[in-house]
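Take a look at the structure set out below.
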Amino acid sequence: VLVKALIESGGQTGIIIRIISSVGDAINRRLIDLAIEELGPAPCKFAFIAMGSQGREEQTLTTDQDNAIITVNMQESYRHEAQAYFQLLAKKVNMELDTVGYRHCPGRIMAVNPKWNRELDGWKKYFSEWIKNSNPKNILDTAIFFDFRCIYGEKILVEQLRTHVNKISKSKSVFFYHMARAINQMKIPVKPDDNLLDMKKVLLPLSSYIRLYAIRENLAETGSMERARLLYEKEIFD
């Protein structure tokens, strides 16, 4: 109803998308709270992160999930217990998000996938591998991870991961070359028979180039509009 009212009153698209994204964040937080109420307090500090369009605060009304969990690095003595807890937490949250309309990710880029439910050091290793051993294929597969944003929990974990990404991507020209090459090879989907375009996919090359320069310039922001503004202020974009 709020979105419809904004459209009818001539509200700007950017404002509408920000509101949709804020609603999505609020739903995520509430479902995490409910899961924690049921499971009991988390055994250690953690951050629930969003990636992709939600990470960029560009979610639309119809979308799937792209999320993950970062935990603090744990001692071996209680790692197994903690991993079991966060696996249950992720299962509940991902299931409930799907129930309320945020579809399961076809590629299983969700916290319920143990691959994306890890300690901080594990996440640092992922990004180190993606950046140091990049090629156009795995850049396409991993690009959305670089839009990670904390929507619940310990922001310091997300900030530490961002600092790591900025550090290891510095002067990695091959990584940026492969990222740019992958963007150049994107094909904009057109359906001439029914004159329909998926605007999210049409804008993907633009948001991808903005992401590339944001990583190169060590920006912490994940939203495309904010990234572009900062790049303009730094005279990277004209």
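Data table
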| item | result |
| --- | --- |
| Positive-end residue, the chain charge dipole about Cα centroid, Cβ charges, pick of LEU39, TRP123, ILE156 | TRP123 |
| Probe 1.4 Å, protein heavy atoms only - accessible area per residue of the chain in square angstrom | 55 Å² |
| Rg to Rh, two decimals, where the range 154-238 supplies the alpha carbon set and Rh follows Kirkwood | 1.06 |
| Longest segment of the chain lacking trypsin sites (Lys or Arg not before Pro) that sit in a DSSP loop with at most 16 other Cβ atoms within 10 Å | 46-107 |
| Relative contact order (percent, whole number), the range 71-117, Cα cutoff 8 Å, 6+ residue spacing | 38 percent |
| Share of carbon and sulfur in the accessible heavy-atom surface of the range 107-238 [1.4 Å probe, %] | 54 percent |
| Loop-exposed GluC sites (Glu not before Pro) per DSSP, neighbour cap 13 Cβ within 10 angstrom, longest uninterrupted part of the chain | 1-216 |
| Dipole moment magnitude, nearest 20 debye, the chain about Cα centre, only Lys, Arg, Asp, Glu C-beta charged | 720 debye |
| Accessible surface ranking that places the most exposed of VAL158, VAL100 first, with a 1.4 angstrom probe | VAL100, VAL158 |
| Structure-based [θ]222 nm, the chain - -39500 (n - 2.57) summed over DSSP H runs of at least 4, per residue, nearest 500 | -18000 deg cm²/dmol |
| The chain: relative contact order as a whole-number percent, Cα under 8 Å and 6+ apart | 20 percent |
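The values are calculated or read from the model by the stated rules, or taken from the named source; none is laboratory data. Since the structure is predicted, the reported quantities are computational estimates derived from the model, not experimental observations. Ideal geometry is used to build each Cβ from the backbone, glycine not excepted, and the neighbour counts take in all protein chains shown. Side chains included, ligands, DNA and RNA excluded: accessible areas come from the protein's heavy atoms. Shrake-Rupley method; radii C 1.70, N 1.55, O 1.52, S 1.80 Å.
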